[in-house]
Amino acid sequence: MRLRGTLMLLAASFFWGTTFVAQILGMDGLGPYTYAAARFALGVLFIGALWLLYRDKRAEQRRAGTFRSGFRAGIPVGLAMFIGVTLQQVALLYTTAGKTAFITTVYIVLVPFAAVLLGQRVRAVQWGGAILAFAGVYFLSAHGEITINTGDLLVLICSFFWMAQILLIDRYARAVDAIELCFMQMIVCTIGSAVLAVIYESFAWIDIWGAAIPILYAGLFSCGVAYTCQILGQAYVEPTQAAILMSTEAIFAAAAGRLILGETMSGVQLLGCALLLGGALMAQVRGTGKSQKN
């Protein structure tokens, strides 16, 4: 089960990382909120189809008295994710993508701190893995950028909401229906992004059609598949380990940028990849399984 959770979280990281390329291509001519609303709406359709597909299983669980709906739990999870996504998007107007990627991953260190405060045990090897992964993201994305501006502060605030999303999923993933939890999360993000798009942006349907492929990839794989994998994966993996595993999206993003956009990687960035992978491997050391204290 632990291996299954690890593989699911790595799959989520892969889709999130490669979606950075889709986001760059998809927002050529589209506002960020319109793009976000379109991809989250596709995520709603994808997960809605899964919800219908598993209706018989839910009916069996109801008859057995073991079913717990995930719709209510999905509201705070969705709000945390929506605020995190929105702050990150606004921050990109003021700071660089590299610094945004680095500061966002402050959650790698915040999650174990919060887990301790919530009464969960975080082992020394996990602290080491978190710090190593955090250093890896720095060398991979923000090495040499030391100035602080408004955008950087917004991203720092954003990282707290990503931490909240991870911890909320850890709380609910094993207790409620995972598909309904993810379904409601997507609905909240779709509605929030659509409202911001109506208020701050204008668009033509031809622009959305022109970005159809990036939106399809981001909507189906990043929103639909990846967030479902995150929720299912966190049912078997403790939050500190999950945060480290999900931070590997930076490696997948760098690899996708090189293969698709022709971006190059320096020796320092390759060092960052190695450190990040090292941190992820440390988190897999036996004896760091999911705590039973909740």
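Annotations for the structure displayed:
- Selection within the range 77-112 - modelled with pLDDT under 75 and assigned to a loop (DSSP other than H, G, I, E, B): Leu92, Leu93, Thr95, Thr96, Thr105
- Listed by first and then second residue, the pairs linking a residue in the range 191-209 that is of a type in the set (D, E, K, R) to a residue that is in a helix (DSSP H, G or I), with Cβ atoms under 9 Å apart and 6 or more places separating them unless they lie on different chains, are Glu201/Pro32; Glu201/Tyr33; Glu201/Thr34; Asp207/Thr34.
- For the range 113-161, the candidate set comprises residues that are β-branched (Val, Ile, Thr) and part of a helix (DSSP H, G or I); within that set, the residue that is modelled with the highest pLDDT is Ile157.
- Qualifying residue in the range 31-51 (condition: exposed (fewer than 15 other Cβ atoms within 10 Å of the Cβ) and not in a helix (DSSP H, G or I)): no
- Qualifying residues in the range 166-222 (those that are aliphatic (A, V, I, L, M) and outside any helix (DSSP H, G or I)) - the one surrounded by the fewest Cβ atoms within 10 Å (Cβ to Cβ): Ala204
- Only a single item in (1) surrounded by 24 or more Cβ atoms within 10 Å (Cβ to Cβ); (2) under 16 Å from Gly17 (Cβ atoms); (3) at pLDDT 85 or above; (4) β-branched (Val, Ile, Thr) is not met by Val225, and it is number (1).
- Pick from the range 62-97, criterion in contact (Cβ under 8 Å) with a residue 60 or more places away in the chain and of a type in the set (S, T, N, Q), ranking: nearest to Ala173 (Cα to Cα): Ser69
- Leu167 at pLDDT 85 or above and of a type in the set (A, V, I, L, M): yes
The values are calculated or read from the model by the stated rules, or taken from the named source; none is laboratory data. What you are looking at is a predicted structure, and each value in this text was computed from that prediction instead of being measured. Quick reminder, even Gly has a Cβ in these numbers, built from the backbone with ideal geometry, and neighbours come from all protein chains shown.
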